[in-house]
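Below is one structure; the comments refer to it alone.
The values are calculated or read from the model by the stated rules, or taken from the named source; none is laboratory data. For clarity, every value in this text was computed on a predicted model and none was experimentally measured. A quick note on method: Cβ atoms are made from the backbone with ideal geometry, for glycine too, and the neighbour counts reach across all protein chains shown. In case anyone asks, the SASA skips ligands and DNA or RNA and just uses the protein heavy atoms, side chains included. Shrake-Rupley method; radii C 1.70, N 1.55, O 1.52, S 1.80 Å.
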Amino acid sequence: PFAAGANLATKLMRQQLQSLDPAERQLVRRLADDATLASTAEFTALPAARQHLVANIAYAWLRDRAVHQPPSAATARQSFALLQLINDSAAPGQMPPVAPQPTAPQDGHRTGLLALGAGQEEARSYADVEWRLSYHDLLDPVAGYPVGSSLNMGRLVARLKEGGTLQLQQFDLLEITSLSPRDEFFQPWTWRVNAGWDRQWTDGDDVLTTQVNAGFGWTFAPAESLSLFGLVTGRLEYNHALEQELDVAPGLAVGARLDSQLGTTLLSTDYYQFTDGVERARYALRHNLPLGTNLALRLHAQRQVTDTDRVDEVGIVDAIVTDQAAG
């Protein structure tokens, strides 16, 4: 999902589709399957510029589908027919403005990250230092990157707790998430995978666990800036404080992601039930307020609930500086 060329082409196609009205979107679907429909009154009633635009998008969508299918003579004939339609409907100098070109990856934010943060966990203050080798997460500005996608390698969070305790809070060897929404033109699956170490409250103790988790599901976008997602998940965890130290837990994850002029907001809930009967839920609200291409403030609030613990945490990351070139 992070191939730059494919990402730009898909982004452009999605933006162009959003510039069409519902009837034109249906024409795109039908023309991509049968170019002879260009002779119908529904198509010929459109202004020449709109005919040209609809034909262009139908051709782009046909070629996008063809990438994922075996080559066929029928697809080749349909492509040629649409190219002829594009040429016949061309009206130089009369094209309406098309959706703006997506930002190229090299013009987006840089990929490394260094962050300083502070907050409270169970009414005890802490300070965090976070470092990310690369690349992009769900709260970063989306310009130049796939919307709803995250790829992080070598993400480390060190925490200094009130009282002087310094500990490893989190280390992601690899974290990948794809929340691409499904619609009548694109049908991607939502999925995520993560491997590394994180801390989980267990019987009153903040335990560093070794874990691998993954999920599979769907994302829908009721509005251009809002995505709703749900996944069936699973987690394999080594936790010395559990009765069964190495255990597996099926689970569910649901959430929402909102882009606005004030940044990106992510609301999520994760629930797991381990085979030994332990239940765990985490409710989180995170927001990223950009202050520039490579600088932002992040705020978060979360609650972790288990059979024995209920732990609240709030925090702010007051500097996010990315330090490696994208691309």
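For F229, are the conditions met, namely being of a type in the set (F, W, Y), open to solvent by 50 Å² or more (accessible area, probe 1.4 Å) and in a strand (DSSP E or B)? Judged against the criteria, F229 is not a match. Within the range 81-95, residues that are in a loop (DSSP other than H, G, I, E, B) and at pLDDT 70 or above reach partners that are open to solvent by less than 50 Å² (accessible area, probe 1.4 Å) and among the hydrophobic types (A, V, I, L, M, F, W, C) with beta carbons closer than 9 Å, at six or more positions or on different chains, in the pairs A90/A48. Mind checking whether some residue in the range 108-121 is more than 24 Å from D318 (Cα to Cα), open to solvent by 20 Å² or more (accessible area, probe 1.4 Å) and touching a residue at least 60 places away in the same chain (Cβ under 8 Å)? No, the range 108-121 has no match at all. Number of residues in the range 31-59 that are part of a helix (DSSP H, G or I) and either open to solvent by less than 50 Å² (accessible area, probe 1.4 Å) or without any contact (Cβ under 8 Å) to a residue 12 or more places away in the chain (or both): the value is 18.
Being buried (at least 16 other Cβ atoms within 10 Å of the Cβ) and small (G, A, S), is that true of even one residue in the range 299-314? The answer is no; no qualifying residue exists.
Within the range 254-272, not a single residue is polar (S, T, N, Q), open to solvent by 40 Å² or more (accessible area, probe 1.4 Å), touching a residue at least 12 places away in the same chain (Cβ under 8 Å) and part of a loop (DSSP other than H, G, I, E, B).
Evaluate the following for T219: is it touching a residue at least 60 places away in the same chain (Cβ under 8 Å), open to solvent by less than 20 Å² (accessible area, probe 1.4 Å), in a strand (DSSP E or B) and within 30 Å of E184 (Cβ to Cβ)? Against the criterion (touching a residue at least 60 places away in the same chain (Cβ under 8 Å), open to solvent by less than 20 Å² (accessible area, probe 1.4 Å), in a strand (DSSP E or B) and within 30 Å of E184 (Cβ to Cβ)), T219 qualifies. Quick check, is Q170 open to solvent by 20 Å² or more (accessible area, probe 1.4 Å) and part of a strand (DSSP E or B)? Taking the combined requirement at face value, the residue satisfies it. On the given criteria, is T190 of a type in the set (S, T, Y) and either buried (at least 20 other Cβ atoms within 10 Å of the Cβ) or on the phi > 0 side of the Ramachandran plot (or both)? Yes; evaluated as a whole, the condition is true for this residue.
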